[in-house]
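Okay, so here's the structure we're looking at.
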Amino acid sequence: MDNVKPASRTICISDTVLSRVVELAAQEVEGVAGLSPTGEAVTVENLGGAASVNVQVIVKNGSRAIPVANQVQKAVKQGVQDMTGIIAVKVNVEVGGMASAE
């Protein structure tokens with residue numbers, strides 16, 4: 001009985017869940033109006049314990065695009081790590097547009 005090993009268990013986080021985490025994290029950043037409505041605003045490549053992320057955002061009018069994109073990178077990386085335990089090894093942010101003034 002001493003040689004009996006417990007059954008190994010696997011936990012998988014789907015790409016859909018990772019994409020949703022990315023969406024939530026990106027939209028929380030000040031200066032982000034939303035995600036790009038064209039095509040897929042978020043793509044995730046699950047690398048088995050790590051992830052590569054692409055996210056396309058719309059920046060609010062009057063916000064500076066580069067600082068907003070930098071904050072999106074940080075927020076997405078931290079959000080993915082905090083919510084899933086997966087490390088985002090690459091976070092590419094594309095500013096896909098600017099929100100029009102209201």
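The numbers here are math on the coordinates, done by the rules we state, and not lab data. Every value quoted in this text rests on a predicted model; they were computed, and no experiment measured them. Here the Cβ is made from the backbone with ideal geometry for all residues, glycine too, and neighbour counts use every protein chain on show.
List of remarks:
- Selection of first residues in segment 7-28 that are under 12 Å from Ala51 (Cβ atoms) and of second residues that are among the hydroxyl-bearing types (Ser, Thr, Tyr), restricted to Cβ pairs under 8 Å at least 6 apart or on distinct chains, gives the following pairs, ordered by first then second residue: Ile13/Thr84; Val17/Thr84; Leu18/Thr84; Ser19/Thr43; Val21/Thr84.
- Subset of segment 80-102 [surrounded by 19 or more Cβ atoms within 10 Å (Cβ to Cβ) and out of contact with any Gly (no Cβ under 9 Å at 6 or more places or on another chain)]: Val80, Val91, Val93
- Once segment 52-102 is narrowed to residues that are of a type in the set (D, E, K, R) and part of a helix (DSSP H, G or I), the residue that is nearest to Ala33 (Cα to Cα) is Lys74.
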